[in-house]
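Worksheet for the structure shown next.
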Amino acid sequence: MKKMTYAEAIRDGMRVEMQKNPDVYIAGEDVGKFGGCFGVTTGLYDEFPGRVLDTPISETAIVGHAVGAAAAGLRPIVEIMFVDFMGVCMDELFNQAAKMRYMFGGKAKVPMVVRTPCGGGMTASAQHSQCIEAWFTHIPGIKTVMPSTPAEAKGLMAAAIRDDNPVMFIEHKQLYSISGDVPEGEYVIPLGKAKIKREGTDVTIVAWSWMVHKALAAAKVLEKEGISVEVIDLRTLVPLDKECILQSITKTNRLVVVNEAVRTSGFAGEIAAIIAEEGFDLLDAPIVRVTAPDIPVPFNAKLEAVYLPNEVKIIAAVKSLF
């Protein structure tokens, strides 16, 4: 094991795969000598000459070229500087990358990874702070990954690169600086496997990305008040490990879903719908969602703090079930 930050772990995951496979390369705005907007690709430009490519400021070109390169046999990792900019290249993603393998009867593979940061908490305002992962989960043919720890960031990055389908790899900006023990060398975590981060018996909290840390903090407080909380980190939204959630609810009979995205049409609603359809008889109380309100992310720090889900809101949601 080696202590790494979340950003370093992502970089190490890419490095190992690039060492193993010459078809893997990186492209995006400022990913070369500059090392990326958040420093994730630092040092890779010199380590892999000709395989870390700075692109024009054109999200359409970045994702569009990756679709073609992947279909031709390469394994591109492209960076979109903020997830908020994905709207510029959505045609290339959802009409081309996501559908090509299906429309060619499985004869074409599109093994590409789109890395992009998401989330609030940095007073970056409404156009640089969103959590719009539900956009991508709605598109058949795209896998969506949102790791919460350095070790999982490395292991899931390896799995994403090796996958023969397009993968959205969404990194929360608040996580880049957190540290943790990370396995050295080759390390892979299969896509589609959630992880129970804390075992409990009274209520299940399902979360992903930065919200996992908020859920764990809330669980510690609730434990002191006699409420035992089980925290599930989804890790990947598509494919979704619904069996893990259902097994947990079989034990706890209560569910809270925590999602930083706005409430309407967020992925928390999809989880609630699945459990209502397949696990309704297991529930002793209504499913509760803890989300952001249906407004743009505020720029003002105090307003942003009110906007974001936090431990206090999660604790209140859990207590409402008893």
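Geometric descriptor of segment 146-261, per residue, is 107 Å³ (volume of the convex hull of the Cα atoms). Rolled with a 1.4 Å probe across the full set of protein chains, the surface gives residue 2 an accessible area near 100 Å². Among the lysines, select those whose C-alpha is under 22 Å from the C-alpha of residue 224, and discard any that sit fewer than 8 residues away in the same chain. Reachable lysines: 197, 214, 251, 313, 319. Between residue 228 and residue 186, the modelled labels are 4.0 nm apart [label points 7 Å from Cα along Cα→Cβ]. Which of these, 209, 148, 265, has the largest mean-square fluctuation under a Gaussian network model of the chain (Cα springs below 10 Å)? With Cα springs under 10 Å in the chain, the top fluctuation among 209, 148, 265 is at 265.
Evaluating 6.51 cos²θ - 1.76 cosθ + 1.60 at θ = phi - 60° for every residue in segment 297-314, the Karplus couplings come out as 5, x, 7, 4, 4, 5, 5, 5, 5, 5, 5, 6, x, 8, 4, 4, 5, 5 Hz, glycine and proline recorded as x. Which FRET efficiency, nearest 0.05, do residue 299 and residue 199 yield, Cβ-Cβ r, R0 45 Å? Efficiency, from the Cβ-Cβ distance: 0.70. The mean sequence distance of close C-alpha pairs (under 8 Å, at least 6 residues apart), as a share of the length of the chain, puts its relative contact order at 17 percent.
Structure remark: mean-square fluctuation, Gaussian network model of the chain, C-alpha springs under 10 Å; the largest value among 218, 285, 27 belongs to 285. Structure remark: mean-square fluctuation, Gaussian network model of the chain, C-alpha springs under 10 Å; the largest value among 235, 15, 263 belongs to 263. For the chain, the longest principal axis of the Cα atoms and the long axis of helix 210-224 meet at an angle of about 20 degrees. Restricted to Cα atoms, segment 184-322 shows a radius of gyration and a Dmax of 14.9, 46 angstrom. Taking packing as the residue-averaged number of other Cβ atoms within 10 angstrom, the listed peptides 96-108, 63-75 run from highest to lowest as 63-75, 96-108. Segment 208-240 and segment 1-78 have Cα centres lying 31 Å from one another. Ordered from highest to lowest accessible area with the whole protein assembly present and a 1.4 Å probe, 208, 135 read as 135, 208. Within the straight-line cut-off of under 17 Å between alpha carbons, the lysines reachable from residue 107 are 99, sequence neighbours fewer than 8 places apart in one chain being disregarded.
Please compute the length gained on full extension between residue 276 and residue 57, using 0.36 nm multiplied by the number of residues separating them and subtracting their Cα-Cα distance.
So the chain would gain 74.5 nm between residue 276 and residue 57.
Hey, how much of the P(r) for segment 1-131 falls beyond 22 Å, as a percent of Cα pairs? Distances greater than 22 Å cover 39 percent of the Cα pairs. Between the Cα long axis of helix 6-20 and the first principal axis of the chain there is an angle of about 40°, rounded to the nearest 10. Of 88, 258, the order by accessible heavy-atom surface (1.4 Å probe, DNA, RNA and ligands excluded), from most exposed downward, is 88, 258.
The calculated pair-distance distribution of segment 177-224 uses every alpha carbon pair, bins of 10 angstrom beginning at 0, and gives 18, 45, 29, 7 percent. For the chain, the Cα-based Rg and Dmax, in that order, read 19.4, 59 Å. Here the translational diffusion coefficient of segment 252-296 follows from Stokes-Einstein with Rh set to the Kirkwood radius across Cα pairs; for 10 °C and 1.306 mPa s it amounts to 146 µm²/s. The percentage of C-alpha pairs in segment 11-63 whose separation is greater than 14 Å is 48%. Under 19 Å from the Cα of residue 109, which aspartates and glutamates turn up, not counting those fewer than eight places away in the same chain? Partners found: 17, 23, 91, 92, 163, 164. With both residues required to sit in the chain, DSSP beta bridges show an antiparallel share near 20%. If you look at the Cα atoms of segment 30-96, you get an Rg and a Dmax of 12.2, 35 Å.
The values are calculated or read from the model by the stated rules, or taken from the named source; none is laboratory data. Note that this is a predicted model, so its numbers are computed, not measured. Glycine gets a Cβ as well: all are built from the backbone with ideal geometry, and neighbour counts include every protein chain shown. Accessible surface is based on the protein model in full, side chains and every heavy atom, while ligands, DNA and RNA are left aside. Shrake-Rupley method; radii C 1.70, N 1.55, O 1.52, S 1.80 Å.
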